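The values are calculated or read from the model by the stated rules, or taken from the named source; none is laboratory data. None of the values given here were measured: they were computed from a predicted structure. A quick note on method: Cβ atoms are made from the backbone with ideal geometry, for glycine too, and the neighbour counts reach across all protein chains shown. Surface accessibility is based on the protein's heavy atoms, side chains included, excluding ligands, DNA and RNA. Shrake-Rupley method; radii C 1.70, N 1.55, O 1.52, S 1.80 Å.
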Amino acid sequence: MIDAAWEERILPALSEYTRIPCLSPAFDPDWAERGCIAQAAELLRAWVQDQEPALQAEIVELRDRTPVLLIDNGGAGDPIVVYGHMDKQPPLGEWRRGLGPYEPVREGDLLYGRGTADDGYATFAAVTALLAAGGGNGRVLILIEASEESGSPDLLAHLANLKERIGTPRLVICLDSGGLSYDRLWLTTSLRGNLVATVKVDVLTEGIHSGQGGGVVPSSFRILRRILSNIEDEATGRILLPELQGAGIPEEQRANLEVLAAEYPDSAAPVVDGLHLLAPDPVDRLIARTWGAALEITGADGLPKPRDGGNVLRPSTTLKFSLRLPPDVDAQVATDAIISAIRTDEGAHITIDMEAAAQGWVAPPLAPGVAATLSAVSKKRFGREPAFVGEGGSIPFLADLQRGFPGTQFVATGVLGPHSNAHGPNESLHIPMAKAVTHAVAELLKEA
């Protein structure tokens, strides 16, 4: 049933979703007026009702917040909550010939398009799994938010609003993760946190000839470069602030990564020929991407294109940067440390815009019954046991829910694997992996 549903009912609808540029609010401040998030939510809601009219599918709205889609099977008792999101990252650069962010293209086992894997498939997989499970064992809620790619700034308000309806979850299944391959089921043991800051340095009220100001007025770019040097060692990429470094990877997780590194030694990154990786050893690479801190500049303003750059001392420079945090770092403490590090004694005007901080997460141990169900699915679909690995991305929902419900079971899995390229150009969904994840969710809804 599940495999047929993917081919006959899910992929056509997922393709329609792919065509909607429902960018997350951080990338589209006018999202409400543009209406693309509302369009995506309605497409998903209508598809759910077409599959099973008895399911309660409601678009929940709060003032000045992105909506959530809440799907309720009408069962009794403490619920199982299945989580995903419908908002998307921007296109980011040129896609390869024949592909585009908002035009779905299937090539063999892959469906290309923005949001196919991160995380548009989640609603379709969760509902199909629920129907395959005969409606599930007890109460099942499927919660699809629309601000995850912005750090989930709207989710806590929705969780507070839905507190009585949700109650105390007995199991949370998150479908926004992945693993190192497509040859087994992958379960996430930890997630890094994330801080996103936009920093602007002003030195002039307007640009002036560099022959007049060069060597007299300090460069806004140089000041920003000094600020970044307070945070990161530019020679090694090591983060310097102790508040951002964490206590280090636990020994049991290190031992697990050593085993995985022997089986999956490649970096799975499209690096240029001859590039020297920051972590040449496969074990160190896995540790760096799951338990390390890292800085990347993700945007800039005030810098003209090279062909337009004249001999001008520019009035300002703006950089947007993303800081990945180890799972055990307190995101608020890290935020305070970053703000303190963004300083200068040269009198320049500095503006800091911090987006919502995403807290890292460490998964609690799986209950024996849940672990046995996942093991059975992985062996049936792939002929081998599931694997456990930390992921380098962030899912604020898990940390938020774990704080509120410390006794809840969590299963984080998904379809993101080698070359799926979530957030980058040429994003793709590995369809056989999506089918396998759907089977896993169906079994959990039957057995949990």
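Of all DSSP beta bridges located in the chain, what percent are antiparallel, nearest 5? That works out to approximately 70 percent antiparallel. Only residues of segment 216-253 count here: report those whose backbone N is under 13 Å from the spot 7 Å along Cα→Cβ of His276, or say none. Residues 235-237 fall inside that zone.
Classify segment 349-432 from the C-alpha gyration tensor, please: rounded if a/c falls under 1.5, else prolate or oblate depending on whether a/b exceeds b/c. Verdict is oblate for segment 349-432. Carbon and sulfur atoms: what percent of the 1.4 Å accessible area of the chain do they account for? Reported share for carbon and sulfur atoms: 51 percent. Near Val415, the amide H atoms lying under 5 Å from its own belong to Ser177; only residues 5 or more places off or on other chains count, and H is placed 1.01 Å from N. Counted without the sites themselves, the longest stretch of the chain free of trypsin sites (Lys or Arg not before Pro) in a DSSP loop having at most 14 other beta carbon atoms within 10 Å is 98-237. Note that segment 283-299 has calculated 3J(HN,Hα) couplings of 5, 4, 5, 5, 5, 4, 7, 10, 10, x, 9, 8, 10, 9, 7, 10, x Hz, one per residue in order, obtained from phi through the Karplus relation 6.51 cos²θ - 1.76 cosθ + 1.60 (θ = phi - 60°); glycine and proline are x.
Given a 10 angstrom Cα cut-off, can you work out which residue in Ala269, Ala372, Ala146 is the most mobile in a GNM of the chain? Between Ala269, Ala372, Ala146, it is Ala269 that shows the largest mean-square fluctuation. Amide hydrogen proximity for Val172: with H placed 1.01 Å from N in the peptide plane, the residues at 5 or more positions away or on another chain lying under 5 Å are Val81, Gln409, Phe410, Val411. For segment 239-254, 3J(HN,Hα) computed residue by residue from phi via the Karplus equation (6.51, -1.76, 1.60; θ = phi - 60°) reads 6, 8, 6, x, 5, 9, 9, x, 8, x, 5, x, 4, 5, 6, 4 Hz, glycine and proline entered as x. Between Val283, Val437, Val216, the residue with the greatest mean-square fluctuation in the GNM of the chain (Cα pairs under 10 Å linked by springs) is Val216.
Residues in segment 304-338, backbone N under 12 Å from the label point at His209 (7 Å along the Cα-to-beta-carbon vector): list them, ranges by number please. The answer is 311-313.
Comparing Cα centroids, segment 28-45 and segment 210-265 end up 36 angstrom apart.
Note on Asn230 and Lys163: the extension gain reaches 19.9 nm, defined as 0.36 nm multiplied by sequence separation minus the Cα-Cα distance. Viscosity 0.692 mPa s, temperature 37 °C: give me the Stokes-Einstein translational D for segment 181-324 in µm²/s, with Rh taken as the Kirkwood radius over C-alpha pairs. Rounded to a whole number, D works out at 178 µm²/s.
Give me the percent of DSSP beta bridges within segment 34-153 that run antiparallel, rounded to the nearest 5. Intermediate results must be reported in sequence, preceding the final value.
Details: 13 of 19 bridges.
Looking only at bridges with both residues in segment 34-153, the antiparallel portion is about 70 percent.
Counting only cysteine Cβ atoms and a cutoff under 4.7 Å, the chain contains unmatched residues Cys174. Local charge for Leu286 was computed over the other residues whose Cβ lies under 13 Å away, with Lys and Arg +1 and Asp and Glu -1, and equals -2. Of the residues Gly417, Ile395, Leu228, the one whose Cα sits farthest toward the positive end of the charge dipole of the chain, with +1 on the Cβ of Lys and Arg and -1 on the Cβ of Asp and Glu, is Gly417.
Starting from 0.36 nm per residue, how many nanometres of slack lie between Val333 and Glu296 once their C-alpha separation is accounted for? Don't jump to the answer; show the numbers that get you there.
Working: separation 37, 0.36 × 37 = 13.32 nm, distance 1.96 nm.
The Val333-Glu296 span can extend by a further 11.4 nm.
Placing a pseudo-label 7 Å from each Cα along the Cα-to-Cβ vector at Ala76 and Val283 gives an inter-label distance of 5.4 nm. Of all the options Ile173, Ile297, Ile239, the one that moves most in a Gaussian network model of the chain with Cα springs shorter than 10 angstrom is Ile297.
The phi-based Karplus calculation (6.51 cos²θ - 1.76 cosθ + 1.60; θ = phi - 60°) puts the 3J(HN,Hα) values of segment 385-392 at 5, x, 10, 10, 7, x, 10, x Hz, whole numbers, x for Gly and Pro. I'd like the distance separating the alpha-carbon centroids of segment 278-335 and segment 151-196, in whole Å. Answer, in whole Å: 24.
What is the extension gain from Ala32 to Ala376, computed as 0.36 nm multiplied by their sequence separation minus the C-alpha to C-alpha distance, in nm to one decimal? Write out the running numbers ahead of the final one.
Details: separation 344, 0.36 × 344 = 123.84 nm, distance 4.38 nm.
Roughly 119.5 nm would be gained on extension.
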